[in-house]
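The values are calculated or read from the model by the stated rules, or taken from the named source; none is laboratory data. Just so we're clear, the structure is a prediction, and the values are computed from it rather than from any experiment. Just the protein is used for accessible areas: all its heavy atoms, side chains included, with ligands, DNA and RNA removed. Shrake-Rupley method; radii C 1.70, N 1.55, O 1.52, S 1.80 Å.
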Amino acid sequence: MGRVFISGGKGGLARAVAAHFSAAGWAVDAPSRAELDVGDCSAVEEWFAGRPAYDMAVCAAGVTKDRPFLKQTEDEWDAVMGVNARGAAWCARCAAAGMLREGREGQVVMIGSYAAYRPAPSQAAYAASKSALEGLVKSLAREWGKKGIRVNLVLPGFMLTDMTEGLRGSVKEAALSRHVLGRFNTPEQTAAFLLFLQEALTAASGQVFDLDSRIL
């Protein structure tokens with residue numbers, strides 16, 4: 001099996017992905033924010049420079065600082081953009097550089113969000129950061145495709161994780177009411193799809209995979 005890098009390694013989704021790939025025989029590196037702050041480009045470069053190339057990189061690190069935009073501070077905006085957009089881009093860049101250096105094919109998967117298409121009020125920073133990923137994925141897929149590196153975007157949809165735990169019950173109920181299946185996706189189901197995307201959908205690149213069953 002191969003080697004996979006997962007950013008934001010202590011998040012609910014990242015933990016599920018790490019467990020699923022590990023069970024399938026993959027070597028897993030899933031650093032927490034304390035181990036790797038993806039908002040620090042120098043730290044990202046140092047992390048990848050000191051390790052063999054990965055076969056897959058999952059850019060799952062993400063932060064939210066939801067606030068009415070007129071009250072949003074510059075530091076809050078920069079923090080969200082730094083992790084969700086620039087951090088994902090730099091992890092992708094460094095992972096791809098390692099793949100090219102060792103002459104291997106691979107894949108970068110970025111974790112997007114439904115908020116990029118139907119954001120709630122006060123999510124300007126988060127929605128903008130996640131919207132940026134689609135353009136980034138499509139550009140990098142064209143740039144790296146002939147070199148054997150695939151780049152895709154996966155939208156897991158609303159999941160019950162540490163990130164959503166603090167939301168009001170009414171918010172969760174409203175989200176659930178819009179789901180055609182009457183249930184949320186889970187981190188474990190998303191992890192299973194990522195392994196499928198890596199091992200079975202080997203012709204897919206530059207694609208957006210929406211795992212949400214919400215009615216738009």
| query | In straight Cα distance, which lysines are under 28 Å from LYS138, not counting same-chain residues fewer than 8 positions off? | reply | LYS10, LYS65, LYS130, LYS146, LYS147
| query | What does the accessible area per residue of the chain come to in Å², with a 1.4 Å probe and no ligands, DNA or RNA counted? | reply | 49 Å²
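When the accessible area of region 37-130 is computed with all protein chains present and a 1.4 Å probe, what percentage of it is carbon and sulfur? Before the final figure, lay out the partial values.
On the way: 2160 of 4250 Å².
That share works out to 51 percent.
Ratio of alpha-carbon Rg to the 2.2 N^0.38 Å globular estimate for region 27-70, to two decimals, please. Write out the running numbers ahead of the final one.
Numbers: Rg = 13.5 Å, N = 44, 2.2 N^0.38 = 9.3 Å.
Taking N as the residue count of region 27-70, the ratio is 1.46.
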| request: Would you please state the base-10 log of I(q)/I(0) at q = 0.15, 0.17, 0.19, 0.22 1/Å for region 1-86, with intensities from the Debye formula using one equal scatterer on every alpha carbon? | output: -0.59, -0.72, -0.85, -1.04
| said: Using Cα-Cα distances under 8 Å and only pairs 6 or more residues apart, what relative contact order does region 44-123 have, in percent? | reply: 49 percent
| query | What angle do you read, to the nearest 10 degrees and between 0 and 90, between the alpha-carbon axis of helix 12-23 and the longest principal axis of the chain? | reply | 40 degrees
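What Kirkwood Rh does region 24-142 have if only Cα atoms enter the pairwise 1/r average? Answer in Å. Don't skip to the end; give the middle numbers.
On the way: mean 1/r = 0.0663 Å⁻¹.
Answer for region 24-142: a Kirkwood hydrodynamic radius of 15.1 Å.
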| said: Let me cross-check HIS20: its accessible surface, 1.4 Å probe, with only protein heavy atoms counted, in Å² to the nearest 10? | reply: 70 Å²
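Leaving ligands, DNA and RNA out of it, rank LYS138, LYS130, LYS71, LYS147 by accessible area with a 1.4 Å probe, largest first. Could the numbers behind the result be given before it?
Details: LYS138 90, LYS130 15, LYS71 140, LYS147 115 Å².
Result, largest first: LYS71, LYS147, LYS138, LYS130.
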| Where N is the number of residues in the chain, Cα Rg divided by 2.2 N^0.38 Å | 0.98
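Over the chain, what is the relative contact order in whole percent, taking alpha-carbon pairs under 8 Å and six or more residues apart? Don't jump to the answer; show the numbers that get you there.
Working: 398 pairs, mean separation 46.8, N = 216.
Relative contact order comes out at 22 percent.
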| request: Take the alpha-carbon centre of region 1-52, take the same for region 77-98, and report the distance between them in whole Å. | output: 13 Å
